[in-house]
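The structure appears right after this line, and notes come after that.
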Amino acid sequence: MSMSDRFPLNYFKSIWTPKQVYVGRRNLNWFQLIFILLFLNALLVIPVTLHYTKMDDLPIDGTFPNAFSLIDESVVAELKDEQFVNGTMEVKEPFYIEKDQGVIGAGLEEGEVEKALEKENALLFLEKELLLKEGDHPVSEVPFTKDFDLSKIETVDDLKEEISRQWFVHNKSFVVGSFSFIIFTILLVSLLTIVLGASLFIYLARRSRLINIRSFKESVNLIVNCISLGSIVAMIGGLIYFDIIVMIMIQSLGLVFMLLAVFFKGAKYETEQATD
C-alpha cells in the first residue's frame with residue numbers, strides 16, 4: 001500500500017474531481033467518516049471564531065436589561081466629568097441614586113456598595129471596576145481597561161455602548177468560545193442532516209445503472225467526498241466575507257453540483273470498466 005492510499009491522504013486524493021470522488025467511495029471506514037465530518041464542520045467554524053475574535057464590543061442590553069434601565073441623562077451628566085487614569089476612576093463627586101429598579105452610583109464606600117448590592121439590580125462604578133447586578137444572577141465584576149474614558153460620552157446610548165465594550169473585553173474568551181460551540185453544534189446538525197439525507201437517497205437508488213453503490217457506508221463515503229470541496233470553498237468565502245447563511249449555501253450547492261457531475265462521470269467510469 002502506497003502512502004497516498006493511507007488515511008487521510010486517500011481522503012484528500014478523493015475530493016477534487018468527480019471521477020476521484022466516485023473512485024474513492026470505498027476508501028473510508030465508519031470511524032474515518034465520522035472524523036472527516038467533524039473536520040469539515042470545524043472548517044466552517046474557523047471563520048465564525050475569527051469573526052467574533054475581531055469584534056471590539058457586543059451589546060449586552062439584553063443580558064442586563066434592568067441594570068441598563070437605571071441609566072438616564074442625569075447619570076450621563078454625573079459621569080462625563082469624572083476622570084479615568086490607566087483604568088482607575090478618580091471620582092470628584094460620588095453619587096448614589098436609588099430608583100424603583102435598583103441602584104446606580106460611583107465612588108461609593110464599602111458599606112454603600114454592600115447596601116447597593118442588596119437591591120435587585122445595581123450598576124456601580126468603583127475605583128478600578130464596574131459591578132453589574134441583574135436580578136438573582138451573580139454580580140458581574142468588570143475591571144476597567146486602561147483606555148476606559150467617559151469624557152466623550154454624550155448620550156445614554158454612548159454610555160451603554162462603552163459599558164458593553166468593557167464587559168466584552170473582560171469576557172471575550174468566554175463569549176467567543178460559547179458562540180463558536182453553539183455555531184459548531186448548529187452546523188454539525190445541518191451537515192449530518194444533509195449528508196445522511198443525501199446518502200439515503202443515493203443508497204435507495206443504488207440499483208440504477210448510473211453508479212454502483214454496494215452499501216449505505218459506501219453511499220455516505222460518496223456524499224462526504226462530494227461535500228468536501230464545497231466545504232473548503234465555503235470556509236475560504238467565510239474568511240473573505242463572513243455570513244453563515246451564505247457559507248451553508250455554498251457548501252450545499254457544492255454538494256449538488258459535485259453529485260450531478262459524479263452521476264455523469266460515474267456512469268462513464270462504470271461503462272469503461274465493463275468494456276475493459
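The values are calculated or read from the model by the stated rules, or taken from the named source; none is laboratory data. As the structure is a computational prediction, the values presented were derived from the model and not from experiment. When we count neighbours, we look across all protein chains shown, and the Cβ atoms used for this are built from the backbone with ideal geometry, even at glycine. Keep in mind that these areas ignore ligands, DNA and RNA; they rest on the heavy atoms of the full protein, side chains included. Shrake-Rupley method; radii C 1.70, N 1.55, O 1.52, S 1.80 Å.
Observations, loosely collected:
- Among the residues listed as 103, 75, 85, 45, the single one being more than 18 Å from residue 133 (Cβ to Cβ) and either surrounded by 15 or more Cβ atoms within 10 Å (Cβ to Cβ) or touching a residue at least 60 places away in the same chain (Cβ under 8 Å) (or both): 45
- Which listed residue, of 49, 53, 63, is assigned to a helix (DSSP H, G or I) and modelled with pLDDT under 85: 53
- Comparison of 113, 75 shows that the only residue that is under 18 Å from residue 155 (Cβ atoms) and in contact with a strand residue (DSSP E or B) (Cβ under 8 Å, 6 or more places away or on another chain) is 75.
- If the condition is being polar (S, T, N, Q), assigned to a helix (DSSP H, G or I) and open to solvent by less than 60 Å² (accessible area, probe 1.4 Å), then region 143-184 contributes 164, 166, 171, 178, 180.
- Candidates are the residues of region 108-142 that are open to solvent by 70 Å² or more (accessible area, probe 1.4 Å) and touching a residue at least 40 places away in the same chain (Cβ under 8 Å); the one that is nearest to residue 91 (Cα to Cα) is 128.
- The set of residues in region 48-71 being open to solvent by less than 50 Å² (accessible area, probe 1.4 Å) and touching a residue at least 60 places away in the same chain (Cβ under 8 Å) consists of 48, 49, 52, 55, 58, 60, 64, 67, 68, 71.
- The residue pairs whose first member lies in region 183-199 and is farther than 28 Å from residue 52 by Cα, whose second member is in a helix (DSSP H, G or I) and among the polar types (S, T, N, Q), and whose beta carbons are closer than 6 Å, counting only pairs six or more residues apart or on different chains, are 199/219.
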